[in-house]
Amino acid sequence: MRLQLGKLADNLATDTGSKSHGTNKPTAMKRKRSQPDDTMDIVWQTPANPPQRQDYLFRDGVRYVRPYYFEFISHAKNRWAGKTIVDLFADEFKGRPRDYYVSAVKTGRIQVDGQKIPISYVVQPSQKISHFLHRHEPPVMAMDIQIIHTEPDVVTVYKPATTPVHPCGQYRKNTVVGILQAEHDLAPLFPIHRLDRLVSGLLIIARSASKADSFRQQIESGEVKKQYIARVTGVFPEDEQVADVNVNYNAREGRSTVEVENGPTGKSSAKGKSACTKFTRVSTNGTQSIVLCEPITGRTHQIRVHLQYLGHPIANDFLYLSESVPHRSIGGLSADRAAANPGLLLKVNHCEINESGSEDECAEDFNIDPMCTNCPDLPPKGYDIHEAGLWLHCIRYSGPDWTYECPYPKWASLS
């Protein structure tokens, strides 16, 4: 989709409080604030546009995505009906100030059923709402996605930590699926299991929907065995340990807790889901231990919270380590801790990534949008460019007649 926006958007970006900014006739958007005569058409991307190799930037061990224009589409929920378009966005999408949404409606960056509307427009149920946005994706560690094994209908890869498996939240191109499509021309792809973003290791991907369904049926019927390794605090017991306690995930806090039986009946009144993990010590150096983890169920953060419950949390898991463990500096704040502490936000100017370059040189990397609330920064506000992965790694999946494995990471050796 091609759209032209320009001086009106530039004016609104600097003075969103005024009532009028001249003509409503669209003009071409400025490429950069420093070059007022350089204009261009904006081409808006949708999920149908595949990632390309040139979409990525690499700086000091970090993979970035060049910011791009993207159309977010949603359909009005019943509870949205009766709200003005500005009230709707200000109430439901709090990541941007209200003045931004006023500007976006006036310039046509927010539309209803493909049409520009006034800021007083009242939303009706099921209407198509489009938000045309200058999209900044969070960065991930700049590690290649190693292809371990290929078959006609299956590919297995070594998923690097910090990279999500598939598009979710603010991530679209900076995902395993997106990078494999851009750098290896692999599509379509159907991941058959999930790995948390901060976890590394084996990821099995089907090349067809039918093959993916076959894998998922085996997983749901309990025919698939999963194995991970973790590096934990302390000397883990030599005998096998089993954590068979419910896990309750709190989406608002971004973390899980365990629920143990209590009271005279021995029953818990909490709402957690049943969860079981087996643990076996592989090695120890007296300070930390390498542990084999075999989850029987698959709850969110199950291995992490079960290790905490046993008194041996993952040694670099700052979301589940005891509060007595010193926290990292704000500069090392993880996305997990940022999710659990939304008041702690980071701002990293993209020009700081390349200390030898001037601001003008950095600005050449991507087009600065005058209405964007993230520009001129390269990453979106609130994300840590120096985030490290967890010491938790998937090493093996095995089914009735198949086994796939992944190499061990360097941290798995305590020597």
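Side notes on the structure shown:
- Binning all Cα-Cα separations of the range 120-243 at 5 Å, short to long from zero, yields these whole-percent fractions: 2, 9, 15, 17, 15, 12, 10, 8, 6, 3, 2, 1, 0, 0.
- Computed from the Kirkwood radius of its Cα pairs, the Stokes-Einstein diffusion coefficient for the range 35-172 at 4 °C and 1.567 mPa s stands at 73 µm²/s.
- Estimated translational D of the range 141-214 in µm²/s (Stokes, Kirkwood radius over Cα pairs; 20 °C; 1.002 mPa s): 176
- Taking 0.36 nm per residue of separation and subtracting the current Cα-Cα distance, fully stretching the chain between D401 and A187 would add 74.5 nm.
- Working from Cα pairs under 8 Å separated by at least six residues, relative contact order for the range 91-238 is 16 percent.
- For the range 94-156, projected area of the alpha-carbon convex hull averaged over all directions, nm²: 8.4
- Legend: calculated FRET efficiency, K77 to Q115, from the Cβ-Cβ distance at R0 = 30 Å, rounded to 0.05, equals 0.90.
- Summed side-chain charge close to L180 - residues other than L180 whose Cβ falls under 14 Å, Lys, Arg +1, Asp, Glu -1: +2
Any read-out appearing in this document is the output of simple, stated calculations on the displayed coordinates, not a laboratory observation. Just so you know, these numbers come straight off a predicted model, no measurement behind them. A quick note on method: Cβ atoms are made from the backbone with ideal geometry, for glycine too, and the neighbour counts reach across all protein chains shown.
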